[in-house]
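Bear in mind these aren't lab numbers, they're just calculated from the coordinates by the rules spelled out. Source: prediction; values computed, not measured. Because the Cβ atoms are built from the backbone with ideal geometry, glycine has one as well, and the counts that use them run over all protein chains shown.
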Amino acid sequence: MSGHDIPGAWLTRAPKPGRIAAYFGLAVFGWLVGLAGSLVQGAWFPGGLVLSLLATAGLFYGSLRATGTQLGVLAPAVGWLAAIVVLSIGRPEGDGVFSAGIGPLIFMLVGMAVAVMCATMSRAVQPGGAPRRLGQ
């Protein structure tokens, strides 16, 4: 048996620099989508809320399809969540990016739910392989 035939062998191998860079880029892209979504959802309610949630869902689903891994969804989700948490913290003067109301709450909760749904979706079958259980 080669290293590729053993289930879970990828966990013990060193990560490739290209994959690390891709995940870092996805995290930065998640930060940017979270920043833009935070500003748009409050500016044009309710259309801005729908637009920002569509962008968030597109980011998470697109990163799942691009990487084919759950970590591919986790990286932009961490960046997205970090951006909205930082923006939701008010300054000592009382200024904040998020307005009071239901819009920011919907944006945060639905965005997190979409990230979880995308992370738990079934992934595409790898080329040259049929769907099967581990160890078979």
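Applying a 10 Å radius around every beta-carbon, put 83-92, 67-76 in order of their mean neighbour count, most first. Please list the in-between numbers first.
Numbers: 83-92: 13.3, 67-76: 19.8.
With the highest mean Cβ count within 10 Å placed first, the list reads 67-76, 83-92.
For the stretch 16-119, what's the relative contact order in percent, using C-alpha pairs closer than 8 Å and at least 6 residues apart?
On the way: 140 pairs, mean separation 37.6, N = 104.
Over the stretch 16-119, the number comes to 36 percent.
Tell me, what ³J(HN,Hα) does each residue in the stretch 116-122 have, in order and in whole Hz, if you take phi through Karplus 6.51 cos²θ - 1.76 cosθ + 1.60 with θ = phi - 60° and put x for Gly and Pro?
Calculated HN-Hα couplings, in order: 5, 4, 5, 5, 9, 5, 6 Hz.
Applying the Karplus parametrisation 6.51 cos²θ - 1.76 cosθ + 1.60 with θ = phi - 60° to the phi angles of the stretch 29-38, what ³J(HN,Hα) value in whole Hz is obtained for each residue in order, glycine and proline being reported as x?
Along the stretch 29-38, the couplings run 5, x, 4, 5, 5, x, 5, 5, x, 5 Hz.
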